[in-house]
Amino acid sequence: MKLTSLHGNHLKLNARMGEFAGYDMPLYYDLGVLKEHEWVREHAGLFDVSHMGQISLKGKGAQDLLQKLTPSSFEKLGINRAKYTVLLNEQGGIIDDLMVTKIGEDEFHMVINAGCKNKDIAWLKDNLTDGLIFTYFEDWALMALQGPQSEAVIKDVLGIDVSDLPYMGLWYKDYTMFISRLGYTGEDGFELSVPNEAASPLWDRLLTDDRVQPIGLAARDSLRLEMGYCLYGHDIDANTTPTEADLSWIMSKQAKEQASPPTRKRVGIVLTDKGIAREGAQVKTKSGEIIGTLTSGGYSPTLKQSIGQAYLPIEWTMTDTEIDVDVRGKLISAKVTPMPFLKPKTKGKV
Amino acid sequence: MTVKFTKDHEWIKIEDNHVAVIGITEYAQHALGDLVFIELPKMGAVFSKGANFAVVESVKTAAEVYTPVTGEVVAVNNALENDFDLLKSESDGWIAKFRMTDAAELEGLMDQSAYQDYLKTVE
């Protein structure tokens, strides 16, 4: 199994480890999943997300290429601003979802999913035009500090004032640390990209602050689920399109005009009766017809009920539509709910 | 009172009148992590040996609980629904009580020391 440069730090913290996308990753630490989840919503949680791929595309035509491979426009994106988008295959299916930061005109930094690294890199390389330089920052680590106290922690521990950094903005002074104000939790927070050798000391330093706790992948998943964010390979994949995935907000005007209206759409589902529905559970109409399958599902520690996502035929996607979810053969009442399930607390200004 | 253990980490205590009290071990609880839901059996339901009679769910997974004996459910610990920590209690952490139909089914289950040895092999 592959290891991140913070692997030793996780073992020292007595993390319960598990495999994710070929990496031995921390699932949770001594606090446990529920408390870790709450900690991020109230304080600041530190995540190792170094398994994700950091790549860049630079040179004349970089923006054109990204606009060809994604449904998004980067023309109006400011320098040092990030945008969420997806890589599309020739059929319009989603190869991966990613964050793209514009570092300069025709220079973009991207963070891609761990499990998609190889195919994304191959896809980008296949599409490179003359004069474009592709770089894979294999020896860089990535950690996320998420939660309402993150800004203060960065100021107090690192001496860096990021109070003026807007949501989706990037800060860097030299080329030793890149701080982006974004994340996967719905909280105000940051992702810190540093060379591998700097990762372990930085991780330890951030943890010296009482407001910071290490958070594993289990809570990362429950936090993102509450926000209705997609998990690649589950909620989106090569067989789903951005419009089906309810991601038309990432699409350029042109891409929207070209897209055919979807016949199914990704929606949120909340169980109104007791029980927990997980990925794979069938969604049924009240008359018993199967209309979909949960692509993600689980317990929401904040709402204290079971939430999930599913693709349902358009006629079943109206808010408050009553449905059933089949959990081990038992039908549990549920309803279609807008996502995010909770109001995000990311910094408003962009 | 004798306590026996299964390879799936259930414990089973035999009370008088062929009543078997079943719960899950500390090891099982620890492996599951934070619990968020428990699905209990209905009173009067009949399960055969090896059947799934309850489900204990943590944030990440749903773990089925199996009965090592055939019998009818004669008591359900409903207090667990509101307090998962109770599972840890030796006296109050039981999930359900069964009226056994065949005491011979207990043969082959592990005793305390055999279970401790078994735990060393599953680590």
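The values are calculated or read from the model by the stated rules, or taken from the named source; none is laboratory data. Please read these numbers as outputs of a predicted model, since none were measured by experiment. Ideal geometry is used to build each Cβ from the backbone, glycine not excepted, and the neighbour counts take in all protein chains shown.
Sort out for me the strands (runs of 3 or more DSSP E) sitting completely within the range A:11-52 that have 1 or more residues that are under 21 Å from B:Gln29 (Cα atoms).
So the answer is A:16-20, A:23-28.
Consider the range A:1-28. How many of its residues are crowded, with 24+ Cβ neighbours inside 10 Å, within 14 Å of chain B (Cβ to nearest Cβ) and hydrophobic (A, V, I, L, M, F, W, C)?
1
Given (1) in a strand (DSSP E or B); (2) under 25 Å from A:Gln254 (Cα atoms), identify the lone condition not met by A:Ile55.
The single condition A:Ile55 does not satisfy is (2).
Run A:Glu42 past the list (1) closer than 27 Å to A:Leu124 by Cα; (2) surrounded by fewer than 18 Cβ atoms within 10 Å (Cβ to Cβ) and report the number of the one that doesn't hold.
Of (1) closer than 27 Å to A:Leu124 by Cα; (2) surrounded by fewer than 18 Cβ atoms within 10 Å (Cβ to Cβ), only one is false for A:Glu42: (1).
Tell me the residue from B:Asp102, B:Asp85, B:Asp92 that is modelled with pLDDT under 95 and within 14 Å of chain A (Cβ to nearest Cβ), please.
Working: B:Asp102 fails: within 14 Å of chain A (Cβ to nearest Cβ); B:Asp92 fails: within 14 Å of chain A (Cβ to nearest Cβ).
From the options B:Asp102, B:Asp85, B:Asp92, the qualifying one is B:Asp85.
Only one of (1) acidic (Asp, Glu); (2) under 21 Å from A:Met52 (Cα atoms); (3) crowded, with 16+ Cβ neighbours inside 10 Å is not met by A:Glu138, so which one is it?
(3)
Could you check the range A:245-290 and list, in sequence order, the residues that are away from every other protein chain (no Cβ under 14 Å), touching a strand residue (DSSP E or B) at 6+ places or on another chain (Cβ under 8 Å) and within 19 Å of A:Phe341 (Cα to Cα)?
A:Ala245, A:Asp246, A:Leu247, A:Lys265, A:Arg266, A:Val267, A:Gly268, A:Ile269, A:Val270, A:Thr272, A:Val283
Any idea which of (1) touching a Ser or Thr at 6+ places or on another chain (Cβ under 6 Å); (2) in contact (Cβ under 8 Å) with a residue 60 or more places away in the chain is the one A:Ile332 doesn't satisfy?
For A:Ile332, the failing item is (1).
Where residues in the range B:49-66 are of a type in the set (A, V, I, L, M) and in a strand (DSSP E or B), which of them is farthest from A:Ile276 (Cα to Cα)? Quick ask: steps written out before the conclusion?
Of the residues in the range B:49-66, the ones of a type in the set (A, V, I, L, M) are B:51, B:54-56, B:59, B:62-63, B:65.
With the extra rule that they be in a strand (DSSP E or B), the set shrinks to B:54-56, B:62-63, B:65.
Working: B:Ala54: 14, B:Val55: 10, B:Val56: 10, B:Ala62: 9, B:Ala63: 12, B:Val65: 16 Å.
Only one residue fits best here, namely B:Val65.
Which one is farthest from the other protein chains (Cβ to nearest Cβ), of the residues in the range A:294-324 that are of a type in the set (D, E, K, R) and not in a loop (DSSP other than H, G, I, E, B)? Don't jump to the end; show me each part of the working.
At the first step, the residues of the range A:294-324 found to be of a type in the set (D, E, K, R) are A:304, A:315, A:320, A:322, A:324.
After this cut, where a residue has to be not in a loop (DSSP other than H, G, I, E, B) as well, the list is A:315, A:322, A:324.
Working: A:Glu315: 31, A:Glu322: 22, A:Asp324: 16 Å.
Step by step, filter the range A:294-324, then rank; the result is A:Glu315.
Applying the selection to the range A:277-319, what residues are among the hydroxyl-bearing types (Ser, Thr, Tyr) and without any contact (Cβ under 8 Å) to a residue 60 or more places away in the chain? Outline the logic, then answer.
Step one: filter the range A:277-319 for residues among the hydroxyl-bearing types (Ser, Thr, Tyr), giving A:285, A:287, A:293, A:295-296, A:299-300, A:302, A:306, A:311, A:317, A:319.
A:Thr285, A:Ser287, A:Thr293, A:Ser306, A:Thr317, A:Thr319, listed by residue number.
Given the options A:Leu57, A:Leu31, name the one that is touching a residue at least 24 places away in the same chain (Cβ under 8 Å), of a type in the set (A, V, I, L, M, F, W, C), more than 19 Å from A:Glu257 (Cβ to Cβ) and within 14 Å of chain B (Cβ to nearest Cβ).
Numbers: A:Leu57 fails: within 14 Å of chain B (Cβ to nearest Cβ).
Going through A:Leu57, A:Leu31 in turn, the sole match is A:Leu31.
Among the residues of the range B:1-48, count how many are assigned to a helix (DSSP H, G or I), of a type in the set (Gly, Ala, Ser) and within 14 Å of chain A (Cβ to nearest Cβ). Write out each step before concluding.
At the first step, the residues of the range B:1-48 found to be assigned to a helix (DSSP H, G or I) are B:16-18, B:26-32.
Applying the additional criterion that residues be of a type in the set (Gly, Ala, Ser) yields B:28, B:31.
With the extra rule that they be within 14 Å of chain A (Cβ to nearest Cβ), the set shrinks to B:31.
Here the count works out to 1.
Take the range A:192-239 and flag every residue that is touching a residue at least 60 places away in the same chain (Cβ under 8 Å), among the charged types (D, E, K, R) and either in a strand (DSSP E or B) or surrounded by fewer than 18 Cβ atoms within 10 Å (Cβ to Cβ) (or both).
A:Glu197, A:Asp204, A:Asp237
Taking the criterion of being over 23 Å from A:Ser193 (Cβ atoms), touching a helix residue (DSSP H, G or I) at 6+ places or on another chain (Cβ under 7 Å) and surrounded by 17 or more Cβ atoms within 10 Å (Cβ to Cβ), would at least one residue in the range A:62-70 satisfy it? Lay out the reasoning, then the answer.
Initial filter on the range A:62-70 (over 23 Å from A:Ser193 (Cβ atoms)): A:64, A:67-68.
Keeping just the survivors that are touching a helix residue (DSSP H, G or I) at 6+ places or on another chain (Cβ under 7 Å) gives none.
There is no residue in the range A:62-70 that is over 23 Å from A:Ser193 (Cβ atoms), touching a helix residue (DSSP H, G or I) at 6+ places or on another chain (Cβ under 7 Å) and surrounded by 17 or more Cβ atoms within 10 Å (Cβ to Cβ).
Looking for something in contact with a helix residue (DSSP H, G or I) (Cβ under 9 Å, 6 or more places away or on another chain), part of a loop (DSSP other than H, G, I, E, B) and of a type in the set (A, V, I, L, M) - is there at least one such residue anywhere in the range A:271-290?
Kept after step one, since they are in contact with a helix residue (DSSP H, G or I) (Cβ under 9 Å, 6 or more places away or on another chain), are these residues of the range A:271-290: A:274, A:283, A:285.
Now drop any that are not part of a loop (DSSP other than H, G, I, E, B), which leaves A:274, A:285.
Retained after the next criterion (residues that are of a type in the set (A, V, I, L, M)): none.
The answer is no, given that none of the residues of the range A:271-290 is in contact with a helix residue (DSSP H, G or I) (Cβ under 9 Å, 6 or more places away or on another chain), part of a loop (DSSP other than H, G, I, E, B) and of a type in the set (A, V, I, L, M).
Only one of (1) more than 13 Å from chain B (Cβ to nearest Cβ); (2) buried (at least 16 other Cβ atoms within 10 Å of the Cβ); (3) in a strand (DSSP E or B); (4) not aromatic (Phe, Trp, Tyr) fails for A:Ser333. Which number is that?
For A:Ser333, the failing item is (2).
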